[in-house]
Amino acid sequence: MPTLFEKVWNAHAVRTLPSGQTQLFVGLHLVHEVTSPQAFDMIRQHGWGVPYPQRTFATVDHIVPTSSQKRPFLDVIAEEMTTALERNCQQYGIQLFAPGDDLAGNQGIVHVIGPEMGLTQPGMTIACGDSHTSTHGALGAIAFGIGTSQVRDVLASQSLAMDPLKVRRIDVNGTLKPGVYAKDVILTIIRRLGVNGGVGYAYEYGGTTIDNMSIDERMTVCNMSVEGGARAGYVNPDEKTFAYLKGRQYAPQGDAWDRAVAWWTSLASDADATYDDHVVIDAATIEPTVTWGINPAQSVGVSEAIATKDEEALTYMGFADGQKVAGTRIDVAFIGSCTNGRLSDLAEAAKFVQGRHVASHVKALVVPGSQEISRKAEAMGLDKIFTAAGFEWRGAGCSMCLAMNPDKLVGNQISASSSNRNFKGRQGSPTGRTLLMSPVMVAAAAIAGEVTDVREMLEEVHA
Amino acid sequence: MASITAISGRALPLRGNELDTDRIMPARFLKAVTFDGLEHHVFEDDRKGNPNHPFNNATYNGSAILVVNENFGCGSSREHAPQGLLRWGIKAIVGESFSEIFRGNSAVLGMPCFTADKASIEALQALLEKAPDTVVDARVDTGVITAGSLKVQGNLPAGVRDAFVTDKWNPTSMLLADYDTVHATASTLPYVAGF
Ligand code: SF4
């Protein structure tokens, strides 16, 4: 009766450490330029090697400019960080998916490229110095974020000292209404359970709504598990998972594929698995959801009014208790990030944008999650649809999700954003304000110039 | 590394729930290849926006213990946040609750994060606001936190507590000891061998 979490944990448990923690083998280690340089320095200083270099992959995503990836970057620190990663990867024999002006490679947001290349597979333990590593759980992996000292540990030992997590099963059942997306599902879950409701837990998502989701949509849900305090989130592997992985560059091929599918299937939680907690959510109750505050649980359905006594959040955001978020004039619209920067997100938003135009006062950006997504989107003509509508079409990276590159809010601008964090200052201006929502809701806000109920505009299309 | 059984010193009360790592260390200070100098940027934007921020109050300079509320350190996994606090001089944190990644990062750096109930935290913060010179003593082994006549029961995860007391809190050498068991585990995983 074990859960997937227990099966994967037990398969990767090396031994019990003197500290009482478990030494856990890490099947896939992903590395980016921001949280790794100090870790490489530490292993160099101690003279440790990297015993499993073929199990670590690296990319540059947080600091890349999205207007051009031409080297050297104009920002000398961004260039230095990129060069440091190149040097580190070369020294230890680690594969790096590097930025490049031709955008012809596999560079992209670390949580986008892992699944895209089939590096992420069911039953793996996956670690990365980045909290949104939970994304990879969408394929049935146990994936979690770690700090830089732990990046050092994984490089040096391909393992981590960890305490096991409890498992909360979250069932979402029923059909999502038109205009309601995976993003709304996870924002609703976080609102319901709170930003620290998941501390100590891994979230296992299931139920008919999740079963019916594409892998891209499951990634959106798992991505934000950490916003609810859960270090990991996952969906049991199923036929959709296998169909998604089949034929990808690093996925098993030939006979190995069949053996892999058999192993993956055996890892899914047993039907009679026991959970530490169980929550059920009715999909029909979920509305297009928008955050109004300074943490991702501070959200409302777009037709609802804010009801809070949190003066700090209201003051920072410039909202009043009882006010609706709908109708809020926006300055910037951002479609991208590891939450919602995948091809299906862009395609869905483009469908909505086609034949419309961004409001004249809005700066609107579309930033694909990877170079591969850029190429595919361009082959589908999505770039043309976006640019014709007044969006800027950019190169792959994290961009305005956290603004470590030139894409930043200015002053107290308000941004409608498909990313995952609305923390104070998150989008690059200490007084900047972020409203999280689905990519289609961001597109609707860009066009209307204000936060708007996408369902009303969907009716226009269909009428 | 030496064992740590207690942390003593003056303490800084910092009120507020969900103080995320973007607030503790804004992303622009992550643009570097070392952790050097992060102590200068702890809560930088919050401090600029609020002259009364406790980190702006010279009375609390030199504090070794930070007293916080709920879900401290949520958000990004950036170790730059605990690194900044540590380099500023903080050696232990006492709070109602912590994000898991932050608490783990801090433990690895030798900075224990104690939890205590809401009423105890309130009493501690109120005392430190009234009497900032109070010396606080946090026992890693028993979890008891003493501040003047106030005694509070703090908690650490047992593994972390034992690791501190027995000086095993730096895990890399522990992970590298008995390394054949790692290879042995790897060899049982179907994907490691390519199925
Ligand atoms: S897109 Fe945003 S959340 Fe995702 S990895 Fe990049 S910075 Fe982090």
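Overview of results
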quantity	calculated
Residues satisfying the stated conditions in segment A:310-347, i.e. within 16 Å of the ligand (Cβ to nearest atom), not in a loop (DSSP other than H, G, I, E, B) and not hydrophobic (A, V, I, L, M, F, W, C)	A:Ser337, A:Thr339, A:Asn340, A:Asp345
Residue within segment A:393-401 that is touching a Lys or Arg at 6+ places or on another chain (Cβ under 8 Å), under 25 Å from A:Val34 (Cα atoms) and touching a residue at least 12 places away in the same chain (Cβ under 8 Å) present	yes
Out of A:Lys351, A:Lys376, sole residue that is under 30 Å from A:Arg71 (Cα atoms), away from chain B (no Cβ under 14 Å), surrounded by fewer than 23 Cβ atoms within 10 Å (Cβ to Cβ) and more than 16 Å from the ligand (Cβ to nearest atom)	A:Lys376
Whichever residue in segment B:51-70 is within 14 Å of another protein chain (Cβ to nearest Cβ) and without any contact (Cβ under 8 Å) to a residue 12 or more places away in the chain and, among such residues, is least open to solvent (accessible area, probe 1.4 Å)	B:His53
Count of segment A:274-307 residues which are in contact with a Phe, Trp or Tyr (Cβ under 8 Å, 6 or more places away or on another chain), within 14 Å of chain B (Cβ to nearest Cβ) and of a type in the set (Val, Ile, Thr)	1
Residue in segment A:384-406 that is farthest from the ligand (Cβ to nearest atom), counting only those that are surrounded by 21 or more Cβ atoms within 10 Å (Cβ to Cβ) and outside any loop (DSSP other than H, G, I, E, B)	A:Ile385
Residues that are open to solvent by 20 Å² or more (accessible area, probe 1.4 Å), touching a strand residue (DSSP E or B) at 6+ places or on another chain (Cβ under 9 Å) and away from chain A (no Cβ under 12 Å), drawn from segment B:104-118	B:Asp117
Within segment A:161-192, tally of residues that are in a helix (DSSP H, G or I) and more than 17 Å from A:Val226 (Cβ to Cβ)	1
Selection from segment A:249-268 of residues that are open to solvent by 60 Å² or more (accessible area, probe 1.4 Å) and out of contact with any Leu (no Cβ under 6 Å at 6 or more places or on another chain)	A:Gln249, A:Gln253, A:Asp255, A:Asp258, A:Arg259, A:Ala262, A:Thr265, A:Ser266
Residue match in segment B:161-172 (condition: at pLDDT below 95, surrounded by 15 or more Cβ atoms within 10 Å (Cβ to Cβ) and over 18 Å from the mean Cα position of the chain (by Cα))	yes
Any strands (runs of 3 or more DSSP E) falling wholly within segment A:58-151 and containing at least 2 residues that are open to solvent by 10 Å² or more (accessible area, probe 1.4 Å) and more than 14 Å from the ligand (Cβ to nearest atom)	A:95-97
Cross-chain or 6+ apart pairs with Cβ under 7 Å, segment A:193-218 first and assigned to a loop (DSSP other than H, G, I, E, B), then among the hydrophobic types (A, V, I, L, M, F, W, C)	A:Gly194/A:Ala297; A:Val195/A:Ala297; A:Val195/B:Cys74; A:Asn196/B:Cys74; A:Gly198/A:Ala230; A:Gly200/A:Leu165; A:Gly207/A:Val172; A:Met213/A:Ala182
Total residues in segment A:42-56, condition assigned to a loop (DSSP other than H, G, I, E, B) and either touching a Ser or Thr at 6+ places or on another chain (Cβ under 6 Å) or among the β-branched types (Val, Ile, Thr) (or both)	1
Boolean, B:Ile101 is surrounded by 22 or more Cβ atoms within 10 Å (Cβ to Cβ), at the interface with another protein chain (Cβ under 7 Å from one of its Cβ atoms) and without any contact (Cβ under 8 Å) to a residue 60 or more places away in the chain	yes
Residues located in segment B:76-85, provided they are open to solvent by 10 Å² or more (accessible area, probe 1.4 Å) and assigned to a loop (DSSP other than H, G, I, E, B)	B:Ser76
Residue within segment A:407-414 that is part of a helix (DSSP H, G or I) and farther than 19 Å from A:Asn295 by Cβ present	no
Condition check for A:Gly108: touching a Ser or Thr at 6+ places or on another chain (Cβ under 7 Å), away from chain B (no Cβ under 14 Å) and closer than 12 Å to A:Val60 by Cα	yes
Criterion: over 14 Å from the mean Cα position of the chain (by Cα) and either open to solvent by less than 30 Å² (accessible area, probe 1.4 Å) or within 19 Å of B:Gly154 (Cα to Cα) (or both) - qualifying residue of B:Ala92, B:Ala27	B:Ala27
Strands (runs of 3 or more DSSP E) fully within segment A:1-41 counting 3 or more residues that are modelled with pLDDT of 95 or more and more than 11 Å from chain B (Cβ to nearest Cβ)	A:28-32
Any hit, segment A:295-302, residues being touching a residue at least 24 places away in the same chain (Cβ under 8 Å), surrounded by 20 or more Cβ atoms within 10 Å (Cβ to Cβ) and outside any loop (DSSP other than H, G, I, E, B)	yes
Test: A:Ala307 is assigned to a helix (DSSP H, G or I) and open to solvent by 30 Å² or more (accessible area, probe 1.4 Å)	no
Single condition A:Ala230 does not satisfy, out of (1) assigned to a helix (DSSP H, G or I); (2) within 19 Å of the chain's Cα centre (by Cα)	(1)
A:Asp163 vs. criteria of a type in the set (D, E, K, R), within 16 Å of the ligand (Cβ to nearest atom), in contact (Cβ under 8 Å) with a residue 60 or more places away in the chain and within 11 Å of chain B (Cβ to nearest Cβ)	no
Test: residue in segment A:174-182 that is within 16 Å of the ligand (Cβ to nearest atom) and within 12 Å of chain B (Cβ to nearest Cβ)	no
Candidate set from segment A:408-425 (those that are open to solvent by 10 Å² or more (accessible area, probe 1.4 Å) and within 12 Å of another protein chain (Cβ to nearest Cβ)); member that is farthest from the ligand (Cβ to nearest atom)	A:Asn412
Residue within segment B:29-36 that is in a helix (DSSP H, G or I) and not charged (D, E, K, R) present	yes
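Every residue, every condition in (1) closer than 16 Å to B:Ile93 by Cβ; (2) away from chain A (no Cβ under 14 Å), yes or no:
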{"position": "B:Leu124", "(1), (2)": "yes, yes"}
{"position": "B:Ala131", "(1), (2)": "no, yes"}
{"position": "B:Asp137", "(1), (2)": "yes, yes"}
{"position": "B:Thr142", "(1), (2)": "no, yes"}
{"position": "B:Thr146", "(1), (2)": "no, yes"}
{"position": "B:Ser149", "(1), (2)": "no, yes"}
{"position": "B:Ala186", "(1), (2)": "no, no"}
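The values are calculated or read from the model by the stated rules, or taken from the named source; none is laboratory data. On a predicted model such as this, the values are computed, not experimentally measured, just so you know. Neighbour counts are summed over all protein chains in view; Cβ atoms, including those assigned to glycine, are modelled from backbone coordinates with ideal geometry. Quick note on the areas: whole protein, heavy atoms, side chains included, nothing else; ligands and nucleic acids left out. Shrake-Rupley method; radii C 1.70, N 1.55, O 1.52, S 1.80 Å.
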